[in-house]
Amino acid sequence: MKVPLLDLKAHHEPIKAEIMASIQKVIDRNGFIMGPEVAELEATIAKYSGAARAIGVTSGTDALLIALMALDIKAGDEVVTTPYSFFATAGVIARMGARPVFVDIDPVTYNIDPAKLEKALTAKTKALIPVHLYGQVADMDPIMKIASARGIPVIEDGAQAIGAEYRDGRRACSMGTIGCLSFFPSKNLGCWGDGGMVVTNDTALADKLVLLRNHGSKPKYYHKIIGGNFRLDSIQAAVLNVKIKYLDGWTAGRQKNAQSYADLFKASGLVDKGTVVLPEPVYKKAGARHYHIYNQFVIRVPNRDKLLEHLKAKEIGSEVYYPVSFHEQECFGYLGYKKGDFPEAEKAESSTVAIPIYPELTGEMQAYVVETIKEFYK
Ligand SMILES: *Cc1c(COP(=O)(O)O)cnc(C)c1O
């Protein structure tokens, strides 16, 4: 049996005609830039995220970049974030001329550890970027408490966590100053190319983000501030306006698969022996629906690299998110960090693996995945 890490063909097949019809309208109108599709998507995402405003942008990376631009982050500033995320989270900080400062992760959620946050703050700290990794929200209450006490804005990197809920049901990207979403095809809500969104409850910031998205131009050809071309294509918005109707169903599918994995791994004996550590949805409450949206299902295992080879030989898709933490990246050598500075991130990068969790995954496939892993540890 072949089990891919993600199956976009199976994902899109049932709704392909509907998406094609939505794209066709854009083409028939020849309105490719900032059409009504973008405005419709922005209204839907704002509501879905529980935020006042949403502004469509070119990608998740550009959402983070434009957020830093809106907050006037500049050379010499420090921005505190996790060492364990997709590169964009830290890359955008350096691109603004600011200095990325890292704080180690919590070993259970893999998100930034608020208990270690305070020590990393200085007079130069101008923003915090917690990441909601794998689809579970970072521990936002203590983060916001520390940030608010010092007047530091918080940018939520919600690229992997659209709609994910924190303790009392507050959604990812509605708690900080600005939230950032990605519609890269492998995210829970993916378009047919690149796309992203910034969301905020701050109306003045939202107006500034709108300006920045289009070269700071208002009225046309008069530039109050320097922005860029960060516009979301109408065609991508047309795809997403269809797909978002199905998002809750897909999330329920991912959660059901997560529960099946938990049952299968427990039955295999691997969990009780401590061989496999399952992801733990720490904010799950009775009746909660979006406590973890499982963009990835990441397990912690011994002898990880050999397991990767075994999975590959058995045609099971897997991926390491992420094999090299930021403080060990060549391009960040100038920051002066060294191996050992963030032990939890380093443990995670060498002991975790993502296995298939997409909504179309069958029970048979999941049983094969768990059986294959069990066979490896025999
Ligand atoms: C995907 C991702 C991004 C970047 O999004 P793109 O749309 O690919 O530019 C940023 N941060 C995290 C945590 C991501 O997973």
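The values are calculated or read from the model by the stated rules, or taken from the named source; none is laboratory data. Because the structure is predicted, anything quoted here is derived from the model rather than measured. No Cβ is skipped: glycine too gets one built from the backbone with ideal geometry, and neighbour counts run over all protein chains shown. Ligands, DNA and RNA are stripped out before the accessible areas are found, and what is left, the full protein with its side chains, is counted by its heavy atoms. Shrake-Rupley method; radii C 1.70, N 1.55, O 1.52, S 1.80 Å.
Out of everything in region 187-196 that is within 12 Å of the ligand (Cβ to nearest atom) and under 16 Å from Ile23 (Cβ atoms), what residue ends up being surrounded by the fewest Cβ atoms within 10 Å (Cβ to Cβ)?
Gly193
For residues that are within 16 Å of the ligand (Cβ to nearest atom) and open to solvent by 10 Å² or more (accessible area, probe 1.4 Å), tally how many sit in region 162-186.
6
Within the set of pairs 6 or more residues apart or between chains, which connect a residue that is farther than 19 Å from Gln160 by Cα inside region 319-345 to a residue that is of a type in the set (Asp, Glu) with Cβ atoms less than 6 Å apart?
From region 319-345, the pairs are His327/Asp341; Phe342/Asp104; Glu344/Asp104.
Name the single residue that is least open to solvent (accessible area, probe 1.4 Å) among those in region 68-91 being assigned to a strand (DSSP E or B) and either within 22 Å of Arg213 (Cβ to Cβ) or away from the ligand (no atom under 16 Å from the Cβ) (or both).
By that ranking, first place goes to Val79.
Every residue, every condition in (1) among the basic types (Lys, Arg); (2) assigned to a helix (DSSP H, G or I); (3) open to solvent by 80 Å² or more (accessible area, probe 1.4 Å), yes or no:
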residue: Val198; (1), (2), (3): no, no, no
residue: Ala204; (1), (2), (3): no, yes, no
residue: Lys220; (1), (2), (3): yes, no, yes
residue: Leu247; (1), (2), (3): no, yes, no
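Name the residues in region 17-70 that are without any contact (Cβ under 8 Å) to a residue 12 or more places away in the chain and at positive phi, would you?
Correct list: Asn30 only.
Give region 339-355 a look and list any residue that's under 19 Å from Leu311 (Cα atoms), touching a strand residue (DSSP E or B) at 6+ places or on another chain (Cβ under 8 Å) and of a type outside the set (Gly, Ala, Ser), or say none.
Thr352, Val353, Ile355, listed by residue number.
Of the residues that make up region 44-58, is at least one within 13 Å of the ligand (Cβ to nearest atom) and open to solvent by less than 10 Å² (accessible area, probe 1.4 Å)?
yes
Looking at Glu40 and the list (1) part of a helix (DSSP H, G or I); (2) more than 10 Å from the ligand (Cβ to nearest atom); (3) under 25 Å from Ile112 (Cα atoms); (4) open to solvent by 10 Å² or more (accessible area, probe 1.4 Å), which single condition is not satisfied?
Single failed check for Glu40: (3).
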